[in-house]
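Have a look at the structure below before the remarks.
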Amino acid sequence: MQEKLTNRIVSERLIAQIDFSSWIPETFKASPDSKRVAYVAHVSNKLFVVVDGKEGKQYDNIGYGTPIFSPDSKRVAYVAHVGNKWFVVVDGKEEEQYDGIGKGAPIFSPDSKRVAYGTRVGNKGFVVVDGKEGKQYAGIMKGTPIFSPDSKRVAYGARVGNKGLMVVDREEGKQYDGIGDLIFSPDSKRVAYGARVGNKWFVVVDREEGKRYDGIGRGKGTPIFSPDSKRVAYVAQVNKWFVGNKQLMVVDGKEGKQYDGIGRGTLIFSPDSKRVAYGAQVGNKQFVVVDGKEGKQYDSFMGGSLIFSPDSKRVAYVAQVGANQLVVVDRKEGKRYGNIGDLIFSPDSKRVAYCTQVGNKGFVVVDGKEGKQYANIVILGGGRIIFDSPNVLRYLALKIDAGIYLVEERIE
């Protein structure tokens with residue numbers, strides 16, 4: 001069906017019908033290309049996965065956080081439970097049974113060809129990659145294993161007694177009292193993670209230990225690489241008994257200004273790797289810092305909303321003022337709504353789109369203009385707005401008939 005709305009031509013296609021009496025809402029997942037959906041449903045005391053409206057095999061339980069789609073959106077995996085055993089199901093095929101499967105598992109490689117997960121037999125944990133079991137440890141760190149961007153390398157955190165270590169390409173690193181989250185550089189050549197000795201945290205980059213702080217980020221923290229893989233940034237914490245805890249940004253080893261807090265997950269590099277932005281807090285006010293310059297203060301800054309445009313020249317984010325939210329683009333404020341999600345620039349960096357909800361109606365706003373209204377715009381479970389070109393975008397929408405539709409908009 002095609003419909004013209006102002007300067008936007010809207011096309012819709014039904015991709016799934018939801019049975020609200022049986023589905024479990026928090027399990028809903030949308031594929032990365034926003035063309036497929038999956039979720040867990042129940043009948044009597046059995047659970048099963050529904051993919052694109054088709055029901056899978058029934059089990060005693062389905063693992064938390066699953067199902068998942070592969071990056072290319074073609075494959076589906078989840079964790080299933082029968083009796084006292086857990087196992088991974090990939091493309092409908094059941095893998096080996098174990099006593100437990102790690103949280104956040106399984107994962108697909110970026111090229112969608114490989115699968116990995118942490119598992120347990122008795123009191124021993126190990127990683128399974130492409131069906132092959134690795135060395136056994138006292139435990140495998142939550143959130144690992146991970147694949148490198150080129151899909152060739154695998155890394156994970158493991159416990160040995162009361163120590164932690166990183167295993168990269170089956171090679172064990174140095175043991176520490178604690179380890180944080182691991183990340184590969186975009187070119188897959190470098191590795192960074194947080195580590196602890198005693199009560200001091202620091203970042204390890206390519207096996208080199210950085211300056212020690214009272215904390216890295218909030219808790220274990222995660223360093224990030226710039227898109228060109230040459231730069232590293234992270235949040236450090238300094239505890240001062242006379243002023244309280246302070247946080248600061250460390251970029252390329254250089255310390256920035258100290259704040260009362262720096263938003264978790266807000267630190268980003270621009271696509272050209274030259275600029276840095278993050279959210280900060282002073283007192284009860286929050287604001288965005290771009291290239292060291294502080295923006296306007298708001299009641300709150302929505303973590304995860306801060307983005308650079310593809311050409312690295314523009315900045316946008318969602319701010320909170322009282323009960324309302326608004327989009328700030330290049331320091332200019334947009335219309336206020338109750339809730340805003342999935343802020344994105346077009347590929348040519350000229351357009352800005354996001355979704356919002358007013359009452360019982362959801363719609364997508366493009367360049368400040370509101371689109372067609374639906375029962376809801378689906379951003380649950382990975383649903384998102386995608387620009388296929390500067391003038392064509394798509395997203396998933398829910399109608400009152402309980403159908404999920406793939407919506408494509410062409411802007412004239």
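The values are calculated or read from the model by the stated rules, or taken from the named source; none is laboratory data. Everything numeric in this text was worked out from a predicted model, so none of it was measured. Note that we place each Cβ from the backbone using ideal geometry, even for glycine, and neighbour counts take in every protein chain shown. The area values use the complete protein model at the heavy-atom level, side chains included, leaving out ligands, DNA and RNA. Shrake-Rupley method; radii C 1.70, N 1.55, O 1.52, S 1.80 Å.
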- Among the residues of the range 287-315, how many are part of a strand (DSSP E or B), open to solvent by less than 60 Å² (accessible area, probe 1.4 Å) and out of contact with any Ser or Thr (no Cβ under 6 Å at 6 or more places or on another chain)? 9
- Selection from the range 372-401 of residues part of a loop (DSSP other than H, G, I, E, B) and open to solvent by less than 10 Å² (accessible area, probe 1.4 Å) yields GLY383, ILE385
- Is it true that PHE301 is at pLDDT 90 or above, of a type in the set (A, V, I, L, M, F, W, C) and under 30 Å from GLY338 (Cβ atoms)? no
- Query: GLU133: farther than 27 Å from GLY92 by Cα, in contact with a strand residue (DSSP E or B) (Cβ under 7 Å, 6 or more places away or on another chain) and acidic (Asp, Glu), yes or no?
  - Reply: no
- Task: Would you confirm whether any residue within the range 65-73 is loosely packed, with under 15 Cβ neighbours inside 10 Å and farther than 20 Å from SER109 by Cα?
- Result: no
- Task: Considering each of SER70, SER112, SER148 in turn, give the residue that is modelled with pLDDT of 95 or more and closer than 30 Å to LYS163 by Cβ.
- Result: SER148
- Would you confirm whether any residue within the range 209-225 is of a type outside the set (Ser, Thr, Tyr), surrounded by fewer than 16 Cβ atoms within 10 Å (Cβ to Cβ), more than 24 Å from the chain's Cα centre (by Cα) and within 30 Å of GLN297 (Cα to Cα)? yes
- Message: Of the residues GLY303, GLY261, only one is among the small types (Gly, Ala, Ser) and closer than 20 Å to ILE344 by Cα; which?
- Response: GLY303
- Note on the structure: Apart from one, (1) touching a strand residue (DSSP E or B) at 6+ places or on another chain (Cβ under 8 Å); (2) farther than 25 Å from THR66 by Cα; (3) at pLDDT below 95 all hold for SER346; the odd one out is (3)
- Message: Looking at the range 25-39, I want the residues that are within 18 Å of PRO110 (Cα to Cα) and have a partner that is open to solvent by 60 Å² or more (accessible area, probe 1.4 Å) and of a type in the set (D, E, K, R) with Cβ atoms under 7 Å, at least 6 apart or on another chain. Which pairs are those?
- Response: SER34/ARG384
- Among VAL79, VAL43, the single one that is buried (at least 20 other Cβ atoms within 10 Å of the Cβ) and not aromatic (Phe, Trp, Tyr) is VAL79
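Residue by residue through the range 246-273, note down the ones that are part of a loop (DSSP other than H, G, I, E, B), within 23 Å of the chain's Cα centre (by Cα) and not small (Gly, Ala, Ser).
ARG264, THR266, LEU267, PRO271, ASP272
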- Message: Just to be sure I understand, how many residues within the range 84-102 are farther than 19 Å from LYS142 by Cα, outside any strand (DSSP E or B) and open to solvent by less than 50 Å² (accessible area, probe 1.4 Å)?
- Response: 0
- Does any residue of the range 14-24 turn out to be under 22 Å from GLY102 (Cβ atoms) and assigned to a strand (DSSP E or B)? yes
- Message: Being among the β-branched types (Val, Ile, Thr), closer than 23 Å to GLY382 by Cα and modelled with pLDDT of 95 or more is true for just one of VAL321, VAL327. Which residue is that?
- Response: VAL327
- Could you tell me whether any residue of the range 403-412 is in a loop (DSSP other than H, G, I, E, B) and surrounded by 14 or more Cβ atoms within 10 Å (Cβ to Cβ)? no
